[in-house]
Structure formats: C-alpha cells, structure tokens
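A short worksheet on the structure shown next.
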Amino acid sequence: MRVEPQQLIAFLLDAGLAKKEQLDVAQKEADRSGAKLETVLIGKKIVSEEQVIKLKAYILGIPFVNLEKDTILLETLQIIPEPIAKKYSIVAFRKHGLDLEVAMTDPEDIQTIEFIRKKANLNILPRLTNSASIAAVLKQYQQSMEEEFSELFGAQKEAGEEAKELDSLEGKIVSVPAQEEEGGQPKAAELAKAAEDLPVIKIVDSLFHHAIIQSASDIHIEPTEKEVIVRYRIDGILHDAMTLPKKLQQGIVARIKVLSNLRLDEHRLPQDGRFKLEATEFKISFRVSIIPVYDGEKIVMRLLREEGHTNNLEGLGIHGETLERVMRAIHKPSGMFLATGPTGSGKTTTLYTALEIVNTPEVNISTVEDPIEYRMPRVNQTQVKPQIGLTFAAGLRSLLRQDPNVLMVGEIRDIETASLAVNAALTGHLVFSTLHTNSAAGALPRLIDMQVEPFLIASTVNAILAQRLVRKLCPEKEKYTLTKDQIKNLGQVFNLDEILKKMKEEKAVAPSATWDTIAFFKPKASKESPSGYKGRVGIYEVIEVSEKVRDLILKKAPFTDIEKTARAEGMMTMTEDSFVKAAQGYTSIEEIIRVTKE
C-alpha cells in the first residue's frame, strides 16, 4: 500500500490542490533532503496533512476516517497497547466479530498491521486518518482507566450530569461520618460499609486487572495531599499507572484491608496480610503491606504468580561452573544452601527450583514460608502465622519432628531461626533458606551477627549463592562496540582486566577478544516492548565452602578475605556474570550498571 511521489503529484494537479511550479520546487527539496514529498508539501503549507491523507486514501482505495470527536469502546481501544499506538500512529477504533478496523497515518507500515493481526488474531481492516485523530484517541488511553471507573458509577448521562453524579458517589465512598474514632478516622463499621460499596469493589478489581495484564510484580498505592498515585513495578522498574481522586482513598484502603483480613480501624500501626485471586488463566497471591504515612496509609502489594516459575536452574540464568557448584551443594545429604540478595531479587524462586530438582518420591520435603509463593506437589508447605505464634522458629521446630530429609525455611531473620536451621543441618538434614545480604560472602558475618558460632557455620554451610535480576533485551536489539571513552569510563567503575579474563574462561568471547572488539547490545524499541526490554534474568555468584574458606570462617576472617579466596578458587562474581550475559546478548551494559551499582 504505497503511493509513489509521481502518483501523488498527478492527483494533486488533477484536484487543483497545488501548482506545478510548487510541486517541482517541493520535489527538488525532497530529493536533496531525503524527506518524503508529502512531508515537504505539508511543511511548506502548500497542502494540509488532511488533504494529503484523504488523497492517498482515494488513490489506495482505503476509507478515510476522522476520529477527533469519536469515543472508542475501552475493550476495542486496548486491543492495540498504548505504547505501540503512540509509536506507530495506529489505533483500533471499531470491531465487528473477527474484523478489526484500525486507523493509521502511514499506509506503508505493513509490518505493524501484520503484528497486530497475529497478536489480536483478528482480520485487520486498515483505514487512513490524520495526526489530530490519532492524538485525540491517544488521550483516551490516558483516560481509559478513569473512564472505566466512571462507567462503574452508571455514567450514561449528559456530561454535566455525569460529573455531578460522580462527585456525589465519590463523596459517599469516603465521607467522614458524624461519629468518628479518636484522631478523626471513620469508625470500622463505616469503613466496612465503604469497602463493600460496588464502585470501590470495581475500582480495586480494575487496579488488579491492569496490573496483571501488564505483568507487574508490585502495586504501589501512595496517598499524597491532593490525590492518590498508583504505580506498577514492571521488570523491576516502577512506572506511574494512574492518579485517582483523593476522595477515593479511604474506600480503596478499606477494600484492600477487607480482602487481606486486616483491621479496618487500625490506622496508626503497620499491618501485613495476603489474599489470592484465581481465574482460568492465572492464579495469583497478593502479599499486602500497609503502613501509615503523613497523608494516609500507603499500600504495597506483591503479586506472586503460582505458576510463573521455571523448573530448571539453567532457565534462571545459572550456567557453567556456577551451576556445577549449586548442583553439588543441593545434592549433598545434609548441610545448608543459602540464597542471598535484596527483596525482589528472585531468591525464593531459586530455592523452589532447587527443591524441584531434589523432589523425588524417596525424599520427604517440608517448608515453612511467609508467604507460600508457589504450590509444589509432594512438598509439605506451612504458612507462617505470627499472630497465633506460628513463627519461622516455631514452624521449623515442629517440622523437625516430621521426619524430613529436606527443609526449606523461607527466611532466616532472627537468632532463634538461625540457630534451629544450623542445628537441623548439623543433625543430618539438608536445609535451604534465604538471607538479606549484598553478596555471597556477606552472609557469613550476618550469621555470626545472629550469634551462630563460626565452627557451626563452617561445619554446616555447603554453599552460598547471591543474586540480582537484570532486564532481558528483546530479540530486536542493536549491536555495537565500545568506544575508547566508553571503555575508559567503564574502567573507572569495574576491573575490566578481571572481567575480560572471566569472559574468555566462560567462552563468552573469543580468546583474542579485546574490549574494543567485543560486540555488545543496546535496547531497541519493538512493537512488543517500547523499552526494548522484556522479562528478567538472574546474575549470580556462588561461594562453595572449601577447606580454605572453612579455615577462614573458623579464624573469623573479614568477608573480603573470604571473597578473595573464593575468587582465587574460581568463583565468578555477579559483575563478571552480568558481563558474560551482556556479551551473549541477554542484557545491556546500561542495565548492568543500574543493577550492580545501585
């Protein structure tokens, strides 16, 4: 669907829209600058954009549509994601059965049409439109969630009447009752009523729905002085999702408290809870944290997809010597295997994957977790409930009487749990657990800080894994080599000689490679992911407790000495692993810097 310049010139002359002299000058300028003829004509105001688009539509036999005043159904609009609509100036505006009408400004963009056809599994009927129509429809994306909420309030009336009703209902949701508790907060009965109000239920459900379809890992609901900001964490990065009116704040908080079985009348202390959403296509647990802030209560919800983990370590990004070290540690009959890293770095997913590897009919596996993130067949999983006394320590103490071969403790967070875990490993059990430390070697002083004797650590710990998550590049990525200035800047942050040596050992680059010859990759915006990234992969380091490392632990040596010894014995650091993955095209150097130096 291409209109040649000579075709356009002929039809412009026939329609009397331009003179031959004007077209000759425009053609010469287009040839000189490399721009399209139509772009030059519009820039010189010889013809308008709408005149050109209508003429092209006539030549190609494609209908022209003006959508500036049209309101598009939400479910139709969202068939094409907003980033794609914005980047490629193409929007869906009408659907009849399996036919989808799309409006676009570039009839030559066959690739985008084909992508939408495959993604939506619909017959695409292209229509031409102008930039003003695309801009008007793009505004509807920004309003889509708000419009969705407005519909919940029965918005089928005149614009002024609709706004009045919306204000009235919002007031109903959060109006402070005459009888209040101390501190000016509504009573629990009033909050419970607000939480069950249909508009509030629908609004909260919509927030969940949008988070799920965008593959968010966390939802942040943050009150400010005049509004409530909703943000989603997608592939490790927080994005603004939408802004809600301040009047909806208390109703939303109350609804989430009801779902999480938390106290409605508690506004001064933090609360933690959980709930689950199930559908045919997903099963997601929500871990809820609510904390009082100056303008109300902030909510953070972690979305845990029970079916969303791989069943092999290679799929997580563990490879080479690191993989061999992990496999040796988890196949020992007793001892401890620890996964370390900050919150959200994938530690629990790694442990679940390791459990699946050792989960055979002749082995009894028990876990004590908070929360149970994935359900596993043939694994006895216990949920921590501190409010009734079922803590990690209490659960672990009871599980030791259940004749286990393998134990998983969701997290070692106190002295009692650390002591019980070490003793379990010492008495013939294989124990998996997590710690919050920045590096593998950093787990050792952390255990000592929890009053675990060094000789017990040396006797029980098989290996310690540390990890982070980096975003994965999409298949459509841009290859490049580093400039001298880029190499110099990297050298100020990283030990490039050590990294290059490890990259060669892992066969990620050629033996003769130098920093200025290695091919790296940059993110390139694609139709599926405008950021150029989709999904995440782990970067890892593993300290295997060898005889030399064991001696250093017994001597209470600094963790830096332990790390140096582990590296001398072949340990690949997280930074080295990340550069290996960058050279293999999994991630970018920019992402490495963001994650390893944040």
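The values are calculated or read from the model by the stated rules, or taken from the named source; none is laboratory data. For clarity, every value in this text was computed on a predicted model and none was experimentally measured. Ideal geometry is used to build each Cβ from the backbone, glycine not excepted, and the neighbour counts take in all protein chains shown. Protein only, heavy atoms only, side chains kept; ligands, DNA and RNA dropped before computing areas. Shrake-Rupley method; radii C 1.70, N 1.55, O 1.52, S 1.80 Å.
Remarks
- Selection count, segment 495-530, where residues are in a loop (DSSP other than H, G, I, E, B), open to solvent by less than 40 Å² (accessible area, probe 1.4 Å) and over 22 Å from residue 485 (Cβ atoms): 5
Okay, residues lined up against (1) more than 30 Å from residue 406 (Cα to Cα); (2) open to solvent by 60 Å² or more (accessible area, probe 1.4 Å):
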{"site": "252", "(1), (2)": "yes, no"}
{"site": "256", "(1), (2)": "yes, no"}
{"site": "259", "(1), (2)": "yes, no"}
{"site": "288", "(1), (2)": "no, no"}
{"site": "318", "(1), (2)": "no, no"}
{"site": "323", "(1), (2)": "no, no"}
{"site": "331", "(1), (2)": "no, yes"}
{"site": "340", "(1), (2)": "no, no"}
{"site": "361", "(1), (2)": "no, yes"}
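- Segment 261-286, residues that are open to solvent by less than 50 Å² (accessible area, probe 1.4 Å), without any contact (Cβ under 8 Å) to a residue 24 or more places away in the chain and not polar (S, T, N, Q): 266, 273, 275, 279
- Among residues of segment 77-106 that are under 24 Å from residue 524 (Cα atoms), those with a beta-carbon under 8 Å from a residue that is open to solvent by 60 Å² or more (accessible area, probe 1.4 Å) and among the basic types (Lys, Arg) at least six positions away or on a different chain give the pairs 79/95.
- Residue among 68, 101, 21 that alone is open to solvent by 50 Å² or more (accessible area, probe 1.4 Å), under 42 Å from the mean Cα position of the chain (by Cα) and charged (D, E, K, R): 68
- Some residue of segment 12-25 being touching a Pro at 6+ places or on another chain (Cβ under 9 Å), of a type outside the set (Gly, Ala, Ser) and not in a loop (DSSP other than H, G, I, E, B): no
- Segments classed as helices (runs of 4 or more DSSP H), wholly inside segment 400-488, with at least 2 members that are of a type in the set (A, V, I, L, M) and closer than 30 Å to residue 518 by Cα: none
- Among the residues here, residue 367 qualifies as within 18 Å of residue 330 (Cβ to Cβ), modelled with pLDDT of 90 or more and touching a strand residue (DSSP E or B) at 6+ places or on another chain (Cβ under 9 Å).
- Residues being out of contact with any Phe, Trp or Tyr (no Cβ under 8 Å at 6 or more places or on another chain), outside any helix (DSSP H, G or I), over 16 Å from residue 297 (Cβ atoms) and modelled with pLDDT of 85 or more - total across segment 196-223: 1
- Residue satisfying condition, being open to solvent by less than 10 Å² (accessible area, probe 1.4 Å), in a strand (DSSP E or B), touching a residue at least 24 places away in the same chain (Cβ under 8 Å) and not charged (D, E, K, R), within set 543, 553, 562: 543
- Test result for residue 352, under 26 Å from the mean Cα position of the chain (by Cα) and modelled with pLDDT of 90 or more: yes
- For segment 76-84, the criterion of a residue being in a strand (DSSP E or B), modelled with pLDDT of 80 or more and crowded, with 18+ Cβ neighbours inside 10 Å is satisfied by no position.
- Yes/no for residue 434 being buried (at least 22 other Cβ atoms within 10 Å of the Cβ) and either in contact with a strand residue (DSSP E or B) (Cβ under 8 Å, 6 or more places away or on another chain) or in contact (Cβ under 8 Å) with a residue 12 or more places away in the chain (or both): yes
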